[in-house]
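Coordinate-derived values only; no laboratory data. Since the model is a prediction, treat every value here as computed from it, not as a measurement. Every residue, glycine among them, receives a Cβ derived from its backbone with ideal geometry; neighbour counts consider all protein chains shown.
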Amino acid sequence: MRKVGVWVGLLTVVFYLVVSTMMYVSVRPEALSAEPFSIAEEDIRSPLTMEDRVATNQIKENSVAAIESQYTIKQEYAAQQIDKVEQLFASLSGIKKTNEIGKIKQRLRGTEAATLLKDDELRLLVTSTTALRNTTRDVVITAIEEAMRQRISSDGGEVAEARENARTDIERSPLSFSLKAVAKAMTDQLIVTNYVYDPEKTEQLRKQTSDKVEPVIISEGEVIVKRGEVISQDAYRQLQLVGLISDRQSLKPLLGAMLVSALMTAFLFGFIHRSKLRYAQMGRIRLFGLVYLVVSLQLLVMYGMAFLADDINPAFYLLTPTAFAALVLRNLLNERIALSSSLFTALAGTFFYSTNQNFSFNIAIYLLVGGLVATFFLRSSLSRRRIFMSSVSIAGANIAIFLAFVLLRSGTFELRETLILVGFAIASGILSAVLAIGLLPFLEMTFGILAPTRLLELLNPTHPLLKKLLVEAPGTYHHSMMVANLAETACEAIGADGLLARVGAYYHDLGKTRRPLYFIENQHGRNPHDRLTPEESARVILAHTEDGVELLEDAKLPAAIIDICRQHHGTSLLRYFYVKAAEQGEVDEETFRYTGPKPQTREAAVIMIVDSIEAAVRSMKAPSEEGIRDLVAKIIREKMMDDQFAECDITTREIYRVGESACHTLSGLFHERIEYPELKKEATT
């Protein structure tokens, strides 16, 4: 088991590396050999979307540099100057003699009002009455308030103008000439600039301006340099920024491709690991190998088509056979794996068809829908004819998706071009079916898969083995057909593979053609067992399973059919001849048992049950519904007590559901019929 895990892991790693390589090559930016101030030979577009921070910062710097320094009127400056006036006049309180000027200076020492007035001006105030002092103070304060209520900047003579306005206001006051002079002297010093530089407001405005600058974005697909233009220094820097020009190749695209590929591979691995196969009993190594091979072939086809689309026409992706992997895997394995492969190939294909890492939503949907439609279309029938017919549905879906995106973009229809693209979409469906049909026989043979198409071929009545059975053992042929109907219906009732059971039932008794007359359904009056001992008869009957295996192996029929032939009697006891021999003396029970093995699959177990039921019911003289039910219950009970189902995963509930299905089918076949009365013959005279 560990060895199997190692091989599966190795296959997964190889698959992952293949996918990663194709994805990386598809999205890897092509390095340019352009030089600054050279001429661009073609339009150079950005492979991705990113911010040009250098250009953004340059715009921000220019915008900030254009912002002038911000100034603010400081109303508090007027209050500060008035405080000086108040200090000055407060120092005069109680002073009435001129010889006390020194005392005034003593009071003003260390204050900003100490140098406002000269000594003679102070003497004038000292000799004035208190009322004149207060009037002078009020005139000065009022003049300062009026002057400094307006903006006073340091430029343009605004300070001189404000002081002159204050002088005018003082001249209108009732003060004496000398006190007016004192007041003017004070206002000339105290009226100062109040409109000053505000660093906080300036910085805030610059920050707001910088924040409003939109980043310079180089958009994916944007033309950086047009064909024939000179590659400027700034354009060259942008080419370097988006990775088109580099001294060394960036590993980022490789790491990105590997990461996406790893997630996709893990997703596919999980779906394969959790899938229950309906049509193929195969090992894990072959299972994973088959899926990885089919998906890889789909990816290679897509990769090649993407290469052609890049050189011929971007719309060439419409020609891609989007669904052949889904058709193959749905036919060989199951719906779950087909759906997961469709999603995987659609995601990978989007990378392949990307132009300079421009990933198209349209392409992703187009690639995905084909696989989904193919899986859905094949849900009920898996014949090769059905596969080919599915191309019609795939083509229709392709056309619908193409036209939908044209309409969504309000595109115009140019008749000739539209017809060509519609033709591509139709060809995509046909190519998907053709590739699938061509691959199926090769894959079935290489991986030993019993696919539904192979099973359907084995149901053909003209098959040599079925013709042999019909000609040499017609009774057995009829019995096999009946068992096939019962087995298929019963398998469908328990969720087993009805198609496999039907085919297995067709061939399960092929060994009876070696000695057909020794089996009661082929006898016509004479019974060869009448001349044989019970042991001899048992050897003939028991040999028919191995004879059938030998014939099937010679004809190279699938292993699943051969296993059903070998297991359909398990190790059951040939009770009739065992009892007959026991009546004659002591016998070895093993001599009268089939060699087995016991059924290994639910399909083989179902055929074991319905084979015994059909033979037993056919031997009933007057089968009724109640009689059939009793007989079926007895047969199932005997098989279970004989432990015939110990080696397969069929449950007890499923076993009884098989019995119910068989009862329902047989009751319909042996329903009570109307007995028609015969006409009385008229007496003749």
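Determine the alpha carbon to alpha carbon distance for each of Lys467/Lys580; Lys103/Lys184; Lys580/Lys639; Lys556/Lys598 and list only those over 28 Å.
Values: Lys467/Lys580 35 Å; Lys103/Lys184 24 Å; Lys580/Lys639 20 Å; Lys556/Lys598 23 Å.
Violating the 28 Å Cα-Cα cut-off are Lys467/Lys580.
Among His544, His508, a tally of other beta-carbon atoms within 10 Å of each Cβ gives an order, fewest to most, of His544, His508. Sparse packing (at most 16 other Cβ atoms within 10 Å of the Cβ) combined with a DSSP loop state is found for the following trypsin sites (Lys or Arg not before Pro) in the range 521-601: Arg526, Lys556. What you get for the range 71-197, charging only the Cβ of Lys and Arg (+1) and of Asp and Glu (-1), is a dipole of about 600 debye around the Cα centre.
Among the trypsin sites (Lys or Arg not before Pro) within the range 383-458, those in coil by DSSP and having at most 15 neighbouring Cβ atoms inside 10 Å are Arg409. To the nearest 10 degrees, how steeply does helix 53-65 sit against the main Cα axis of the chain, on a 0 to 90 scale? Around 20 degrees separate the two axes. Sequence-ordered 3J(HN,Hα) estimates for the range 592-608 from the Karplus curve with 6.51, -1.76 and 1.60 and θ = phi - 60° stand at 10, 10, 5, 6, x, x, 5, x, 9, 10, 5, 4, 5, 5, 4, 5, 4 Hz, glycine and proline given as x.
Give the shape of the range 496-578 as rounded, prolate or oblate, defined through the alpha-carbon gyration tensor: a ≥ b ≥ c are the square roots of its eigenvalues, a/c under 1.5 means rounded, and otherwise the shape is prolate if a/b is larger than b/c and oblate if not. Judged from the Cα gyration tensor, the range 496-578 comes out prolate (a/c at least 1.5, a/b above b/c).
Remark: for residue pairs Lys97/Lys118; Lys468/Lys621; Lys105/Lys180; Lys84/Lys118, the C-alpha separation exceeds 24 Å in Lys468/Lys621.
Each of Met620, Ala581, Cys648 was placed along the dipole of the range 459-669 (beta-carbon charges, centred on the mean Cα), and the one lying farthest toward the positive end is Met620.
Compute the helix-to-body angle for 158-171: its Cα long axis versus the longest principal axis of the chain, expressed 0 to 90° and rounded to tens. For helix 158-171, the angle is close to 50 degrees. When the range 69-212 is described by a simple charge dipole with +1 on each Lys and Arg Cβ and -1 on each Asp and Glu Cβ, the residue from Val159, Gln204, Ser93 located farthest towards its positive end is Ser93. Simple point charges give the picture: +1 on the Cβ of Lys and Arg, -1 on the Cβ of Asp and Glu, and for the range 502-635 a dipole about the Cα centre of about 320 debye. Under the combined filter of DSSP loop state and at most 11 neighbouring Cβ atoms within 10 Å, the range 65-137 retains these trypsin sites (Lys or Arg not before Pro): Lys96, Lys97, Arg109, Lys118.
The ranking of Thr462, Thr651 from fewest to most other beta carbons within 10 Å of each one's beta carbon is Thr462, Thr651.
Given axes a ≥ b ≥ c from the Cα gyration tensor, I'd like to know whether the range 459-669 is rounded (a/c under 1.5), prolate (a/b larger than b/c) or oblate. Rounded, since a/c falls under 1.5. When the Cα positions of Thr595, Ala262, Tyr506 are compared along the charge dipole of the chain, Ala262 comes out farthest toward the positive end, with charges on each C-beta of Lys, Arg, Asp and Glu. Counting neighbouring beta carbons within 10 Å and listing from fewest to most, the residues Ser128, Ser69 come out as Ser69, Ser128.
For the chain, the longest principal axis of the alpha carbon atoms and the long axis of helix 575-584 meet at an angle near 40°. Counting only DSSP H runs of at least 4 residues, each contributing -39500 (n - 2.57), and dividing by the residue count of the chain, the helix-based mean residue ellipticity at 222 nm comes to -21000 deg cm²/dmol.
Each Lys and Arg Cβ is given +1 and each Asp and Glu Cβ -1; about its Cα centre, the chain then shows a dipole of about 940 debye. Across the range 516-521, rounded Karplus estimates of 3J(HN,Hα) from the backbone phi angles (6.51 cos²θ - 1.76 cosθ + 1.60, θ = phi - 60°) give x, 6, 8, 10, 4, 5 Hz, Gly and Pro being marked x.
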